[in-house]
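Everything on this sheet refers to the single structure shown next.
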Amino acid sequence: MLKSCKNYIILPATVRLEYEKHKRGEFSKMEKRIEEASKETAKQIETAKSKIINSCHSLERLQYQDVDDLKINLSEKIDAVKSVLDNYFEDHAALGLIQHSWAGNDFLEKFIEAIDTNGQVMIAPSQEDIYRWCEEGQKRYKNEIPPGFKDAKNKDGVRMYSDLILWQETLRYAKKESTNLIFITDDVKADWWEVIDGNRQFHTKLIEEFEKTGQQIVPMTSKDFFSDVSEAYDIEKNDAVEIALRMTDNDYCVKIANSVFESVEEELIYNATEYIDEESANIGSEGIDEFEITESEFVRAERIARDDSTAIYEFVYKVTVEGTSYEYWGRDEDTREIIRSDGRDHVFEGQIIVQVERGAEVFYDFEDDNSYETAVISEGKLEQTYFNDRPEPPGELGYCPACGTPLDIENDGGNGFCIKCALDHN
């Protein structure tokens, strides 16, 4: 796809320099993420295969004929699906941008070299230019004038002004060459793009600044650019967002796992009963007002669905909760206050599934994104693993202080203890 428009590309010198400085480290990270995405998808296929083949055992128990042939046929079909996956990653190699060797066969490396050789890199700014633009950047950033003011918090020195420097290069090039530009960037922070009436668009101040060159600018993300080029040159489209999600899903889920659980803790504390089989849990008639989460463990997470703007994940947690229930024994005849039994302690263990909704549009910075729209417990199964004995209601005389037996006239030992314990407490 890039080859189709290669002759129209011009790189700011700052971008060319940054590429050279960071290419090996960044591509190494990308290769790792792609490999993880491939392994995760293959794992899902193997899991599905195992479930499908195992489900055939019920047919064997029913003495269906030729079940072995069925299992072999199904296994071959699923293996064919696995081959589709293997071929996909082999053919695409991350959109053809990353190869597994640096021995001169990397497509992007050759592509950049060709751009460089053809003179399609802007003239590098002088030291004087850089000093002047950095000085200007100090004033711009104080007033949050784009681009780059978001970098002031986590970068220092000249690096803080790298966005501004490449922007100034772009302005200078457009004015000198008297040419309109399609400006492509996937930096979607607020110092490049802004939201107006719910729509994200290139920052108004940047548009106004570019218009002073006498030329026009068409800002785009790489997804929009590749989509338009695909249509113009009749090239098969690639789903850039899906690839970005696959590359970052694992890291994203691990990073937000604790935060997701914290966001549903209150729901679990006050409504854990919804996920308990109460009939087999010996919960008193007054129920459990509040639970205590004593243990929690993140088990796994996976993306289960996606549309144009949202990705849905399921997070699985192993939890242990404890609570105290009570039996209703009536009301006090004088005060009319509710009389309840002594508390009965319970321990419940099991799993909960939390459904997480994440924004999944091209404007998201997937690599650094730790946010999510919602997190809701969608399913849970907690089983009682401990409870103390059901307390009996007190007798007319209360309880025996030695053994706890309800005490009444029939079993009163005469000294405040039941008949069994009275002799031991003369």
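The values are calculated or read from the model by the stated rules, or taken from the named source; none is laboratory data. Note that the coordinates shown come from a computational prediction; the quantities given were computed from them, not determined experimentally. As a convention, Cβ positions derive from the backbone with ideal geometry for all residues, glycine included, and neighbour counts pool all protein chains shown.
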**Asked** Quick one: how many residues across the range 103-151 are among the hydrophobic types (A, V, I, L, M, F, W, C), in the same structural domain as VAL188 (by TED's automatic domain parsing) and over 18 Å from GLU18 (Cα atoms)?
**Response** 2
**Message:** Please go through the range 302-357 and give me each residue that is in contact with a helix residue (DSSP H, G or I) (Cβ under 8 Å, 6 or more places away or on another chain) and at positive phi, ordered by number.
**Reply:** GLY350
**Any hit, the range 22-33, residues being modelled with pLDDT of 70 or more and out of contact with any Leu (no Cβ under 9 Å at 6 or more places or on another chain)** = yes
**Request:** Give the number of residues within the range 188-211 that are part of a loop (DSSP other than H, G, I, E, B) and in contact (Cβ under 8 Å) with a residue 40 or more places away in the chain.
**Result:** 6
**Request:** Determine whether the range 146-160 contains at least one residue that is at pLDDT 90 or above and either of a type outside the set (Val, Ile, Thr) or not in a helix (DSSP H, G or I) (or both).
**Result:** yes
**Fill in**
Scanning the range 278-289 residue by residue, the ones that are within 24 Å of VAL316 (Cβ to Cβ) and either surrounded by 12 or more Cβ atoms within 10 Å (Cβ to Cβ) or free of Cβ contacts under 8 Å to residues at least 60 places away in the same chain (or both) total 3
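Sort out which residues of the range 119-134 are free of Cβ contacts under 8 Å to residues at least 40 places away in the same chain and surrounded by 11 or more Cβ atoms within 10 Å (Cβ to Cβ), and write them in order of number.
ASP129, ILE130, TYR131, ARG132, TRP133, CYS134
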**Asked** Under the condition of being more than 22 Å from THR248 (Cβ to Cβ) and not acidic (Asp, Glu), which residue from the range 38-53 is surrounded by the most Cβ atoms within 10 Å (Cβ to Cβ)?
**Response** LYS49
**Request:** For ASP289, state whether it is under 29 Å from ILE34 (Cβ atoms) and either in a loop (DSSP other than H, G, I, E, B) or charged (D, E, K, R) (or both).
**Result:** no
**Request:** Pick out the one residue from VAL299, VAL254, VAL260 that is surrounded by fewer than 17 Cβ atoms within 10 Å (Cβ to Cβ), of a type outside the set (S, T, N, Q) and in a helix (DSSP H, G or I).
**Result:** VAL254
**Prompt:** Is one or more of the residues making up the range 135-156 basic (Lys, Arg) and buried (at least 16 other Cβ atoms within 10 Å of the Cβ)?
**Reply:** yes
**Request:** Report whether or not GLU231 is loosely packed, with under 13 Cβ neighbours inside 10 Å, more than 22 Å from GLN384 (Cβ to Cβ) and either of a type in the set (Phe, Trp, Tyr) or modelled with pLDDT under 85 (or both).
**Result:** yes
**Prompt:** Looking at the range 376-392, which of its residues are at pLDDT below 85, loosely packed, with under 13 Cβ neighbours inside 10 Å and out of contact with any Asp or Glu (no Cβ under 8 Å at 6 or more places or on another chain)?
**Reply:** ASP389
**Message:** Among the residues of the range 86-101, are any over 27 Å from SER227 (Cα atoms) and modelled with pLDDT under 85?
**Reply:** yes
